[in-house]
1. Test each condition in (1) surrounded by fewer than 19 Cβ atoms within 10 Å (Cβ to Cβ); (2) at the interface with chain A (Cβ under 10 Å from one of its Cβ atoms); (3) over 30 Å from residue B:2 (Cβ atoms) for residue B:270 and report the one that comes out false.
2. Would you tally the residues in region B:240-251 being within 12 Å of chain A (Cβ to nearest Cβ) and without any contact (Cβ under 8 Å) to a residue 60 or more places away in the chain?
3. Confirm whether residue B:33 is touching a Phe, Trp or Tyr at 6+ places or on another chain (Cβ under 7 Å) and under 23 Å from residue B:166 (Cβ atoms).
4. At least 1 residues that are within 14 Å of another protein chain (Cβ to nearest Cβ) and hydroxyl-bearing (Ser, Thr, Tyr) in each: list the helices (runs of 4 or more DSSP H) lying fully within region B:168-239 that qualify.
5. Can you pull out every residue in region A:278-319 that is of a type in the set (S, T, N, Q) and touching a helix residue (DSSP H, G or I) at 6+ places or on another chain (Cβ under 7 Å)?
6. I need a count of the residues in region B:68-113 that are more than 10 Å from chain A (Cβ to nearest Cβ), over 19 Å from residue A:307 (Cβ atoms) and part of a loop (DSSP other than H, G, I, E, B).
7. Answer with yes or no whether residue B:286 is at pLDDT below 80, surrounded by fewer than 13 Cβ atoms within 10 Å (Cβ to Cβ) and farther than 20 Å from residue B:6 by Cβ.
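The values are calculated or read from the model by the stated rules, or taken from the named source; none is laboratory data. These numbers come from a predicted model, not from an experiment. Quick reminder, even Gly has a Cβ in these numbers, built from the backbone with ideal geometry, and neighbours come from all protein chains shown.
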Amino acid sequence: MNGQPNRLVAWSATLWPIVVPVAVLAGVVAVVSTGDLALGSVGVTALTNLVMVVGLYTFWGNSGVLSFGHIAFVSVGAYTSALLTIPVTTKAFVLPALPDVLADKETSFLVATVIAAVVAGAFAGVLSISMMRLSGNAAGIASFALLIVVLNITSQWKSVTGGLITLTGIPTDLKLWAAYACAVVVIAAAAIYDRSGSGRRLRASREDYVAAQGIGVKVRRERRIAFTLSGAMMGVAGSMYAHGIGAFGPNDFYMNLTFLILVMLIIGGIGSLLGAMVGAVVVSILEEVLARWEAGQSVASVSIPIPVGFSDLVLSVVLVLILLFRPDGLTGSRELPLPRRKRRSSEASETEPIGEEVR
Amino acid sequence: MTSLQNIITGISVGGLYALYALGLAVIYGVAGIINFAQGYFIVVAAYTALALDGLPAPLAVVGALVAGVTVSVASERAIFRFARGYDPGTLLVLSFAVALALESILTVVFGSDTVSTSFGAGLAAPIHIGSLSIVLIDVVTIMVAAVLLGGLALLLNATPVGSQLRAAAEDFTMARLVGIRSDRIMVVAFAVSGLLAGAAGLLFVARSGTLTPTSGLQPLTVAFVAVVIGGIGSLSGAVLGGFILGATTVALQVLLPDAAVPYRDAILYILVIVSLTFRPQGLLPSTNERSRV
């Protein structure tokens, strides 16, 4: 059999939907990097949000189970990373009551991010044991409860988190291309999970729970795996958030961010990794343009004066329109198809059509 | 006598929570939407009461109730009507978008700062019965909750509209087939829910005295949790869930050692997750929510 060319086509079918968007993203980042300093920090924030959207997609998109609680893992990641990287001398000021174990530790961004991912992932893994027993609305509410629990603890545990006061002194050492590298690592992880046996079994259960169980898919187990992995991705995003801005408080990781990430995922298309990426980029650009108009600045020499708070209104109207007229998002919840002339009928199944009722 | 006082506070908070939850449950029952916007219907009503503060109190009360009903019915006519028959996840996210829109409209109109009001400040006075001292607002809350719950029970069980509502909640398609006009019944459901939101908004602002566009979040969270604990789709379950949540909140506040009081909400919501883990269908599950294969 002519196995060699077949495998080549199969591989390109696997890589194509990821490599192309990542390359396009690199182009966008390159354009952003030529801009001023302010634009650079907007780019870092956008890439951080992109990581969150990809993290949320990895669980919600693959499993079809609602989650309003993922921002809790971002919070855990951000605090973990901050506590590991605030210089020891600064720590004595901002967190005087910090236990000694943490007070004398100081690591680099990279180490802190890995630890943040592990801590957030472990937290998600432990929670998943009870939470993945739920599905549908009960799962949505339980994840919402989780968000409230984490907010309550981070805002009251003063000796470790500094309480409601904004935590400062985190080195702002996350530059644009480093943020891009983080995003690529997380996107690659999400793509590998998508293609793994576990990812496929989980999507099967999303399409038809009963049928998937009938052919032996252990749905709860696959959901726990995805939940843990996406928790770790949110942890990475938390570390990026901390080092991109350098200061944050417990309330940063609550409804506003939850809204934003959700809007990005839905506008792009919940059911595909491409949708997650497209949504994050499109909404980030829209948000930045609106924010500049709100502040009275001009974008590409167009300036429309709009009142404060108006940008959220625009976002919510866009969200309503998308949901009513294009519920599968801009991408239709599909991955990037191969260019037409490359595709042959025998390999068409490799592009893996995604069901219509993906939410 | 403090224990009796605490019980009264518990009933009052529970009654308020039951109103929050019932507003959510009525819309869910008929339209199948877990309505995130419910919390913001409450805030719109509260802001209306605040804007009408100079007028005589009854007028402000009526204004707030009208505002609650109007915004609720308008959201159905303008948005939810077009999404009838969508799957529950999409509807949930759609209501999320409506909530976000309402919040941003309030921000544009009233600004994002916290505003304080004297509306209902007179109700903060305690009244004394023997050695018992009860805050007036607690009594008012219990009375309003009793009247509205009783009225709703009457509406549902003793009027033609009520039986149509219950029929639509039971099986919407079937109800249409036997001649219930779906548009009308949908508007009735949203109006009832808006009225509950109006009353809840008045009690909310009279209790707290402050308001921001994001105030809708707390009632919303409470309503969600109460509805899910009670058993989604069941009206009596929503009321029960509201009372349980209110009583538990007060009990934790009273019984927890001082060091743990700041973590009251964390403990409360951990209890919620635990309760859901063992009874995901709720305490009084509605019969048509059971999954069938």
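1. Looking at each condition in turn, residue B:270 falls short on (3).
2. First pass over region B:240-251, keeping only residues within 12 Å of chain A (Cβ to nearest Cβ): B:241, B:245.
Keeping just the survivors that are without any contact (Cβ under 8 Å) to a residue 60 or more places away in the chain gives none.
Looking only at that region, the number is 0.
3. Details: touching a Phe, Trp or Tyr at 6+ places or on another chain (Cβ under 7 Å): yes; under 23 Å from residue B:166 (Cβ atoms): yes.
Judged against the criteria, residue B:33 is a match.
4. On the way: elements: B:172-177, B:182-208, B:217-230.
Qualifying helices (runs of 4 or more DSSP H): B:217-230.
5. Here is the first cut: in region A:278-319, the residues of a type in the set (S, T, N, Q) are A:284, A:297-298, A:301, A:303, A:311, A:316.
Listed by number, the residues that qualify are A:284, A:303, A:311, A:316.
6. Total meeting the criteria: 2.
7. Numbers: at pLDDT below 80: yes; surrounded by fewer than 13 Cβ atoms within 10 Å (Cβ to Cβ): no; farther than 20 Å from residue B:6 by Cβ: yes.
So residue B:286 does not fit the description; no.
Table: residues versus (1) within 22 Å of residue B:23 (Cα to Cα); (2) at pLDDT 90 or above; (3) over 22 Å from the mean Cα position of the chain (by Cα).
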| site | (1), (2), (3) |
| --- | --- |
| B:97 | yes, no, no |
| B:109 | no, no, yes |
| B:123 | no, no, no |
| B:142 | yes, yes, no |
| B:175 | yes, no, yes |
| B:181 | yes, no, yes |
| B:191 | yes, yes, no |
| B:199 | yes, yes, no |
